[in-house]
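> Have a look at this one.
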Amino acid sequence: MRLDKMTYRLIFTTTLLVSSFLTKAQEVSAEIDRDTIKIGEQIQYKITAKIQPEDVIVFPEGQTFTPLEMVEAYKIDTTQLEPLKILSKTYALTQFDSGSYTIGKQTLKLNDSFIETDSINIRVNDVVVDTTKQKLYPIKAYIDFEKPFEIRSWIWWTLLAIVVALGLIFVLFKFKKKKDVKKKRIPPYQRAIQSLQDLDNSKLIDDRNLKEYYSQLTEISRRYLEEKVEIRALEYTSNELVDELESRRQSQKLNISQDLIDDFKKILQRADLAKFAKSAPDVLTAKSDRKNVETFTNSMQTAIPEPTDEEKKRDEAYQAILKKRRQRRKIAFAILVVLAIATISTVALVATKGYDYVKDAYFGNASKELLEQDWITSTYGYPPIQISTPEVLVRTPIDSLNQNIKQNDMVLSTETFVDGSLFSNLYVVLSSVQFKKDTEFDLKKAIDGIYKNLEQKGAINIISKDEEFESLDGSKGIKVFGNFDIKNPITGSDIKKSYQILNFGVGGNYQQITIVHDENDRFADEISNRIINTVEFNLENN
C-alpha cells in the first residue's frame, strides 16, 4: 500500500514537471527597440513566440497597435532551438502626435487557444525648434491679390494643332495644284491650233480691228516657237526671230524651206506695220496670213529632226539632273516643314512646361535618372552605417578625411566607400575611422580640418556653414555644408559645387559622409538631401 502511494506521488510530480515545461515552452513576449521617439519617427515592435515544432501560431495583422499606426509588417523570422521553435515578427510603428502612449496587449492564436503579450508604454516628443537660429513669427493675415494673367496650356496645344493642320493643308494644296497644272498643260501644237480657232471666232476682222488681230496672230506663232523650238521668240524682234530661224535651218536643226521662212517674215513685217505704222493691210490679206501661219505651224511640227543617239544621251543625262534637283527640292521642303513643326512644338512645350522640362525631355538628365531609378540600401563600416544611395558605394583607399586623422598613431583601422569623383556630377564618400582603446577623440577639432582638406583637393572660394544633425537612430553629429569652386582638369574652367558633410563620433570613433554635386543641378540637390535623410547607425549589431 505504501508502494502505491509513492507511485502516485511520482506520477503526480512528473505530471507537474511536464505541465510546467509545456507552459514555459509556449512563451510569448513583446519588445521595442526604444521607448522614446520624435513625431513621425518609427519604432521596431517585435513579438517573439517559443513554441513546439507541431504548434501553429497566428501573429496580429492590420492596425491592431492603436493608438500607434503600423507602417510596415516584416516577414516572420524562424529559428530552431531544439526541442523548441522560435518565431519572431517585427512591425514598424509610428505616431504623429506628441504624448505618452500605451501599446495595448496583442493577441496571438496558438492552435485553438489565444495568448496575449504585455502592454508597453512609449513617449512621443515634439521636434525641438532652436529659436536662436530660427526665429518664430506669427501667422500672417490673408492678402487679397489679383491673379496674374496666364494662358492655359490647352490653348497652346490647340494653337499648335491648328498650325500643324494648316501646314499640312498648305503642303497638300500645293502638291495637288502642281498635279492639276501638269494635267491641264496642253501641248504647244494643240494650243496654237486652238488659239487660231479662237481668233477665227473673234469679231476682230468684222470690226476691222486689224491691229489687234495681227498682234494676236503673231503672238500665237511666237509662243508656239518658244515652247516647241525653244527659241526666245517672245523677246526677239521680228528680224532677230527670222535670223534665228535661218540660222537653225542652215545648221540643219530645222528641216524647213527658205520660202516658208520668207512667207513668215512677210507676216511679221505686216504685223509690225499694223502695230507701229498704223498701216493695216486689207481683210483678204489678213485672212491669207492667218492660213499661212497655220501652214507654218504644221510645217514646224515636223521640222525638228530626230535627235541623234549622242543628243539623246545628253538629254537623258540632263533630265536625270533635273529629276535629282526636283527630288532635292522636295526633300528640302519636307525638312523645312518638319523643322517648322518641331520648332513650333518646342516653343509650345517651353511655354507650357518650361525650358528645363524640354531640355531634360530632349537631351536627358543624368541626375534625374539617378533620382528616379531604384536605390540601394546597404550597410558600411564599423559601427555599421545604413545608408541609401543611387549606386552602391565601393571600398577604396581613404581619401576623404583630413591628414591629421589619417596620420594619427592612435588609429586602429580606416575604411572608405566611394561612388563617383570630385569632378563628376555626384560624388558620395562614406569614411569610418576606428581608434585604439582609451583614445580621446574631439569631433569639433576633426571638423576644423575639413576646410583645409577641401583646399588640398583643389577647392577655391570655399563657403562653409555648420549645424547640428541627428540621424534616424538619434545619433547626434555636425553637418558642414556650403559651396566651392574647383578647376576642371580637362577644360580648365571652374566648376561650381555644393557639398554636405555629415560628421559623427559614435562609439568614440569618427564617421564622415560627404556628398558633393554641381551647384545648379536641382535633381542632384534632391538626391543629396534624400541620402542624408537615410543615414542610420545599426548600434544593435555593434
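> Does any residue of the stretch 279-288 turn out to be assigned to a helix (DSSP H, G or I), aliphatic (A, V, I, L, M) and more than 22 Å from Arg223 (Cβ to Cβ)?
Yes: one or more hits.
> Looking at Glu470, Glu440, which one is charged (D, E, K, R), over 21 Å from Thr379 (Cβ atoms) and surrounded by fewer than 19 Cβ atoms within 10 Å (Cβ to Cβ)?
Glu440
> Next question, about the same structure. Give, as residue ranges, the strands (runs of 3 or more DSSP E) completely inside the stretch 57-128 that count at least 3 residues that are within 25 Å of Ile39 (Cβ to Cβ).
69-73, 84-94, 99-103, 120-125
> Pick from the stretch 196-233 the residues that are without any contact (Cβ under 8 Å) to a residue 24 or more places away in the chain and among the aliphatic types (A, V, I, L, M): which of them is nearest to Thr285 (Cα to Cα)?
Leu204
> Still on this structure, please answer the following. Would you please list the contacts, defined by Cβ atoms under 8 Å and residues six or more apart or on different chains, that run from a residue in the stretch 55-67 that is surrounded by 11 or more Cβ atoms within 10 Å (Cβ to Cβ) to a residue that is among the charged types (D, E, K, R)?
Every condition considered, the pairs that remain are Asp55/Lys85; Ile57/Lys109; Val58/Lys109; Phe59/Lys89.
> Still on this structure: Inside the stretch 408-432, can you point out the residues that are among the aliphatic types (A, V, I, L, M), touching a residue at least 60 places away in the same chain (Cβ under 8 Å) and either closer than 20 Å to Ser378 by Cα or part of a strand (DSSP E or B) (or both)?
Answer for the stretch 408-432, where residues must be among the aliphatic types (A, V, I, L, M), touching a residue at least 60 places away in the same chain (Cβ under 8 Å) and either closer than 20 Å to Ser378 by Cα or part of a strand (DSSP E or B) (or both): Leu426, Val428, Val429, Leu430.
> Checking the conditions here, which among Asn503, Asn538, Asn529 is closer than 20 Å to Thr389 by Cβ, over 30 Å from the mean Cα position of the chain (by Cα) and surrounded by fewer than 18 Cβ atoms within 10 Å (Cβ to Cβ)?
Matching residue, one of Asn503, Asn538, Asn529: Asn538.
> Mind checking which residues of the stretch 106-133 are among the basic types (Lys, Arg) and at pLDDT below 85?
Lys133
> Do we find that Phe523 is closer than 20 Å to Ile376 by Cα, out of contact with any strand residue (DSSP E or B) (no Cβ under 8 Å at 6 or more places or on another chain) and either surrounded by 15 or more Cβ atoms within 10 Å (Cβ to Cβ) or touching a residue at least 24 places away in the same chain (Cβ under 8 Å) (or both) in this structure?
yes
The values are calculated or read from the model by the stated rules, or taken from the named source; none is laboratory data. Worth saying up front: this structure is predicted, and the values here are computed from it rather than measured. Please note: Cβ atoms are built from the backbone with ideal geometry, for glycine as well, and neighbour counts cover all protein chains shown.
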